[in-house]
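Step one of this worksheet: look at the structure below.
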4 protein chains.
Amino acid sequence: MHRASQWYLLYQEHLRMYSATTKIRVRYGETDQMGFLYYGFYALYYEVGRAEAIRDLGLTYKELEEMGVMMPVVEMHAHYYRPALYDDLITVKTIVKELQDAPKIQFHSELYNEKGELLNKGVTTLVFVDAKEKKKVSMPQQLKNCLQPYFEKEN
Amino acid sequence: MHRASQWYLLYQEHLRMYSATTKIRVRYGETDQMGFLYYGFYALYYEVGRAEAIRDLGLTYKELEEMGVMMPVVEMHAHYYRPALYDDLITVKTIVKELQDAPKIQFHSELYNEKGELLNKGVTTLVFVDAKEKKKVSMPQQLKNCLQPYFEKEN
Amino acid sequence: MHRASQWYLLYQEHLRMYSATTKIRVRYGETDQMGFLYYGFYALYYEVGRAEAIRDLGLTYKELEEMGVMMPVVEMHAHYYRPALYDDLITVKTIVKELQDAPKIQFHSELYNEKGELLNKGVTTLVFVDAKEKKKVSMPQQLKNCLQPYFEKEN
Amino acid sequence: MHRASQWYLLYQEHLRMYSATTKIRVRYGETDQMGFLYYGFYALYYEVGRAEAIRDLGLTYKELEEMGVMMPVVEMHAHYYRPALYDDLITVKTIVKELQDAPKIQFHSELYNEKGELLNKGVTTLVFVDAKEKKKVSMPQQLKNCLQPYFEKEN
């Protein structure tokens, strides 16, 4: 394959993702005595980011739950680069990088402050669980339908 | 009535209550940038105090819930006298002052630091709700049986 | 005094207050296993309401702190009427009803869901403390200047 | 080198670590509407585990901070295997596996329920920062002195 085509494919690859942003202001109760957003509360910011990313697709996490699908987190990774401070208006960018066939979904989170500085990166992996059967299930069709267009290969 | 008997009755009155204590250490994530236990997190300390007070009676709040009784809080009052600091080992004293006939129960909480200084006083009122019917119900008999002995008038 | 004037004064009284509203969406991590916004986390909603009310005045709580004034909460009262549920978009109305000469300020909070139902009412009292001297001080002039116009008697 | 000696060294290696355990009961306010300990609050359990591990060494995190050393978290990994439920008494095992020369320390956390089932594993990396200079520094000598004996090679 020609070099150019390879780059083109990489570029295409890059295009095939879904991302959304939302803003969250750091609350006083979320700071600790270092004066930083407490390291444990980033998980709440990731959660809000994921919920808003799903809402932007025209669906809500609440509706998914009402359909009988729970989405417990099975894995979380977080890297803290710079502290988030009280009253900072944080931009949370949430990215789905691939549409897996597995009964799970992975969200990448990037948090920026108002100066545009990257504060934090997180990855959370959630599984789809049938609330009644307590069994893993594949991604609900409604969610798949919404995400699919962002991952289609162009010809 | 003689004065002496009045005092005796007051003394008796004082005896008729139920109280229990437990200890909670202030977590880093519970402090705010003032370096104090955040004012909102005292509610969690009251909750732990209530749960341990019930456990000391030989019952658990969890069991009450499994019997189909939920106990949402309908009112909370809190007075903050001195700050609780990181790593302070707080003594939470939880007191039931009266056994009401109403479908509710009131807990008084007092928080002390290791020097014995009073930091905070709180009062929470919880109602008993049938989880299925979503209706207020009277205090579960099991809980009443446990509390009754502390409120009996001696003859 | 005539009845009409009395009513007029009451009406005037009613006008002399400062209020502001903001919206907060209930996070998953803020719910408890009853499926309700946990009773302790309302304090965070009151806090956000107060911060946004001050921001609407053209000042920020952060700036007040940078001027050397801390505002610890000394008292909180909360009444829970209806539960707030996951993903509910809560309207928080924050009201200052009087401009006191004392070194404190009182905020009234009212929380409504999207149907306009009143969920919760709270009152928090904060004192002004000089961060260095650790002494109570009167309301910072900057904040007073911003609030004053809302409490002026018309002639 | 003989095989036997290799195994002996591995065995020795295994011995060279420091571990401590503490117990934490899941609070109602820490559960979410799935009825599980919310995924974000595990960070608080790791924190308590770390603080108690240091306390068991005869030092406290609070003292380290008073010496002018802050320990912000720069990385966290968490794996969720089974949910922790309300009122579960969780055993938190905290392990330091190596004494690095770098200005950081890594804690491994393992959470078990009362049946001894592994619920969660976490790894947190903290850096040592001089609070005044805002610069990374090496591990405070007091902490090093306490940990050293657990990592010494026997002759």
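Any residue at all in region D:100-109 that's more than 13 Å from chain A (Cβ to nearest Cβ), within 16 Å of residue D:51 (Cβ to Cβ), not in a helix (DSSP H, G or I) and not aliphatic (A, V, I, L, M)? Working first, answer last.
If we filter region D:100-109 for residues that are more than 13 Å from chain A (Cβ to nearest Cβ), which is where we start, we get D:100-103, D:105-106, D:108.
With the extra rule that they be within 16 Å of residue D:51 (Cβ to Cβ), the set shrinks to D:105-106, D:108.
Checking which are not in a helix (DSSP H, G or I) leaves us with D:105-106, D:108.
Of the ones still in play, those that are also not aliphatic (A, V, I, L, M) are D:106, D:108.
Within region D:100-109, one or more residues are more than 13 Å from chain A (Cβ to nearest Cβ), within 16 Å of residue D:51 (Cβ to Cβ), not in a helix (DSSP H, G or I) and not aliphatic (A, V, I, L, M).
Just one of the listed residues (A:52, A:63, A:47) is in a helix (DSSP H, G or I), more than 8 Å from every other protein chain (Cβ to nearest Cβ) and under 14 Å from the mean Cα position of the chain (by Cα), and it is A:52. Inclusion of residue A:121 among residues that are touching a Gly at 6+ places or on another chain (Cβ under 9 Å), of a type in the set (Lys, Arg) and touching a residue at least 12 places away in the same chain (Cβ under 8 Å) is not warranted.
Give me a count of the residues in region B:124-136 that are part of a loop (DSSP other than H, G, I, E, B) and either exposed (fewer than 15 other Cβ atoms within 10 Å of the Cβ) or acidic (Asp, Glu) (or both). Talk me through it step by step, then tell me what you get.
Initially, region B:124-136 is screened for residues part of a loop (DSSP other than H, G, I, E, B), giving B:128, B:131-134.
When the remaining residues are screened for being either exposed (fewer than 15 other Cβ atoms within 10 Å of the Cβ) or acidic (Asp, Glu) (or both), the result is B:131-134.
Counting residues in region B:124-136 that are part of a loop (DSSP other than H, G, I, E, B) and either exposed (fewer than 15 other Cβ atoms within 10 Å of the Cβ) or acidic (Asp, Glu) (or both) gives 4.
Out of B:28, B:81, which single residue is touching a strand residue (DSSP E or B) at 6+ places or on another chain (Cβ under 8 Å) and facing another protein chain (nearest Cβ under 9 Å)?
The unique qualifying residue is B:81.
I'd like to know if region C:72-79 contains one or more residues that are over 19 Å from residue B:77 (Cβ atoms) and either surrounded by 16 or more Cβ atoms within 10 Å (Cβ to Cβ) or at pLDDT below 95 (or both). Explain how you work it out, then say what you get.
Step one: list which residues in region C:72-79 are over 19 Å from residue B:77 (Cβ atoms), which gives none.
No: region C:72-79 contains no residue that is over 19 Å from residue B:77 (Cβ atoms) and either surrounded by 16 or more Cβ atoms within 10 Å (Cβ to Cβ) or at pLDDT below 95 (or both).
Per the conditions (1) buried (at least 18 other Cβ atoms within 10 Å of the Cβ); (2) without any contact (Cβ under 8 Å) to a residue 24 or more places away in the chain; (3) polar (S, T, N, Q), the sole criterion not satisfied by residue A:106 is (1). In this structure, residue D:138 does not qualify as of a type in the set (S, T, N, Q), under 19 Å from residue D:73 (Cα atoms) and under 16 Å from the mean Cα position of the chain (by Cα). When the criteria are applied in full, residue B:74 meets the requirement of being facing chain C (nearest Cβ under 7 Å) and not in a helix (DSSP H, G or I). Only one of the numbered conditions (1) within 13 Å of chain C (Cβ to nearest Cβ); (2) surrounded by fewer than 21 Cβ atoms within 10 Å (Cβ to Cβ); (3) among the hydroxyl-bearing types (Ser, Thr, Tyr) is not met by residue B:21, and that is (1). Only one of the listed residues (C:40, C:35, C:68) is within 26 Å of residue B:129 (Cα to Cα), within 13 Å of chain B (Cβ to nearest Cβ) and surrounded by fewer than 18 Cβ atoms within 10 Å (Cβ to Cβ). That residue is C:35. Scanning region A:114-123 for any residue that is closer than 24 Å to residue D:83 by Cα, under 17 Å from the mean Cα position of the chain (by Cα) and outside any loop (DSSP other than H, G, I, E, B) turns up at least one such residue.
The values are calculated or read from the model by the stated rules, or taken from the named source; none is laboratory data. Computed from a prediction, not measured in an experiment: that's the story for all the values here. Using ideal geometry, Cβ is built from the backbone for each residue, glycine included, and neighbour counts are taken over all protein chains shown.
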